[in-house]
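Chemist: So that we are looking at the same thing, I have put the structure below in structure tokens.
The values are calculated or read from the model by the stated rules, or taken from the named source; none is laboratory data. Treat the numbers as computed from the prediction; the structure is a model and nothing was measured. Because the Cβ atoms are built from the backbone with ideal geometry, glycine has one as well, and the counts that use them run over all protein chains shown.
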């Protein structure tokens, strides 16, 4: 089979995975009827799929989801939640780059907004979109820390402005200061019409305006998020209480 010298050549060409898979296929007696061309093309397809899986896994890790195993298949679609499996599967497979429409998930406490946001965004990762997840309080804190270093601050703003899909969870559950609001405005202004933002919140746009320190900036921020956005409005079902009730019943 292939020698170490030959593998050095494959590494130079960056096709080591193809060579390794081809060697495995050749050694498998079940493939004796396949032509060399069929074996080679199968090895290429398998190597490409392996590379895609590794890329998706990396995207999911880099996104820093609080629920990295969330899937739309496991979402509770009971009546009263305002969502359907067909609609959520469509959102999970959405091409966020070609259609940068924002998505707002409005849910009461315990309504499952974080799980759904993670499930949809993991679907985005599986379509090879880059994603970043932040809770609003954590994002504001990171911006404050970065502000002490001009280069680090600008890098963070650039990263948040250019990620394919930005998720901000618990949006304006508590107010933010004027510096954080200024940074948020800059991020959303840079993303507008280019890249989508997913917001998960217990409240809606009217409340967000009241929580921001400057009315003019507040209107600009909320308009950029809410104008023409898709909206998922959960009902009043408390999924945490429902899950706790099931556990107690068991």
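Chemist: Kindly indicate whether any position in region 96-109 is over 24 Å from residue 163 (Cα atoms), surrounded by 21 or more Cβ atoms within 10 Å (Cβ to Cβ), in the same structural domain as residue 227 (by TED's automatic domain parsing) and in contact with a helix residue (DSSP H, G or I) (Cβ under 7 Å, 6 or more places away or on another chain).
Modeler: First, pick out the residues of region 96-109 that are over 24 Å from residue 163 (Cα atoms): 107-109.
Filter again for surrounded by 21 or more Cβ atoms within 10 Å (Cβ to Cβ), leaving 107.
Add one more test, that the residue is in the same structural domain as residue 227 (by TED's automatic domain parsing), and what stays is 107.
Still in the running and in contact with a helix residue (DSSP H, G or I) (Cβ under 7 Å, 6 or more places away or on another chain): 107.
There is at least one residue in region 96-109 that is over 24 Å from residue 163 (Cα atoms), surrounded by 21 or more Cβ atoms within 10 Å (Cβ to Cβ), in the same structural domain as residue 227 (by TED's automatic domain parsing) and in contact with a helix residue (DSSP H, G or I) (Cβ under 7 Å, 6 or more places away or on another chain).
Chemist: Considering region 49-87 alone, what residues qualify as being closer than 25 Å to residue 233 by Cβ, outside any helix (DSSP H, G or I), touching a residue at least 24 places away in the same chain (Cβ under 8 Å) and touching a helix residue (DSSP H, G or I) at 6+ places or on another chain (Cβ under 9 Å)? Steps first, answer last, please.
Modeler: Pass one, region 49-87, residues closer than 25 Å to residue 233 by Cβ: 63, 65-67, 70-87.
Narrowing the set further to residues that are outside any helix (DSSP H, G or I) leaves 65-67, 70-71, 75-84.
Cutting the leftovers down to touching a residue at least 24 places away in the same chain (Cβ under 8 Å) gives us 65-67, 70-71, 75-76, 78, 80-83.
65, 66, 67, 70, 71, 75, 76, 78, 81, 83 - these are the residues of region 49-87 that are closer than 25 Å to residue 233 by Cβ, outside any helix (DSSP H, G or I), touching a residue at least 24 places away in the same chain (Cβ under 8 Å) and touching a helix residue (DSSP H, G or I) at 6+ places or on another chain (Cβ under 9 Å).
Chemist: How many residues, within region 203-220, are in contact (Cβ under 8 Å) with a residue 40 or more places away in the chain and surrounded by fewer than 17 Cβ atoms within 10 Å (Cβ to Cβ)?
Modeler: Selection size over region 203-220: 2.
Chemist: So, one more: Going by what's in this entry, would residue 57 be described as more than 30 Å from residue 160 (Cα to Cα) and at pLDDT 85 or above?
Modeler: Values: more than 30 Å from residue 160 (Cα to Cα): no; at pLDDT 85 or above: yes.
No: the conditions fail for residue 57.
Chemist: So how many residues does region 132-141 have that are touching a strand residue (DSSP E or B) at 6+ places or on another chain (Cβ under 8 Å), part of a helix (DSSP H, G or I) and over 20 Å from residue 205 (Cα atoms)? I'd like the intermediate steps shown before the answer.
Modeler: As a first pass, look at region 132-141 and keep what is touching a strand residue (DSSP E or B) at 6+ places or on another chain (Cβ under 8 Å): 132-136, 139.
If we keep only those that are part of a helix (DSSP H, G or I) as well, we get 136, 139.
Then drop every residue that is not over 20 Å from residue 205 (Cα atoms), which leaves none.
Adding up the residues that qualify gives 0.
Chemist: What number of residues in region 98-131 are on the phi > 0 side of the Ramachandran plot and in a helix (DSSP H, G or I)? Step through it out loud before you land on a result.
Modeler: Step one: of region 98-131, the residues on the phi > 0 side of the Ramachandran plot are 110, 112, 128.
The next check asks that each one be in a helix (DSSP H, G or I); those that pass are none.
Residues in region 98-131 being on the phi > 0 side of the Ramachandran plot and in a helix (DSSP H, G or I): 0 in total.
Chemist: Test residue 227 against the criterion of being assigned by TED's automatic domain parsing to the domain that holds residue 133, surrounded by fewer than 20 Cβ atoms within 10 Å (Cβ to Cβ) and modelled with pLDDT of 95 or more, and give yes or no.
Modeler: On the way: assigned by TED's automatic domain parsing to the domain that holds residue 133: yes; surrounded by fewer than 20 Cβ atoms within 10 Å (Cβ to Cβ): yes; modelled with pLDDT of 95 or more: no.
So residue 227 does not fit the description; no.
Chemist: Give all pairs with beta carbons closer than 7 Å in which a residue from region 1-23 that is assigned by TED's automatic domain parsing to the domain that holds residue 45 meets a residue that is at pLDDT below 65 and assigned to a helix (DSSP H, G or I); count only pairs at least 6 apart in sequence or on separate chains.
Modeler: Hits for this filter: 16/7; 16/10; 19/7; 19/10.
Chemist: If you don't mind, there's one more thing I want to ask. Yes or no: residue 119 closer than 13 Å to residue 198 by Cα and surrounded by 14 or more Cβ atoms within 10 Å (Cβ to Cβ)?
Modeler: On the way: closer than 13 Å to residue 198 by Cα: yes; surrounded by 14 or more Cβ atoms within 10 Å (Cβ to Cβ): yes.
Considered against the rule, which asks whether it is closer than 13 Å to residue 198 by Cα and surrounded by 14 or more Cβ atoms within 10 Å (Cβ to Cβ), residue 119 comes out as yes.
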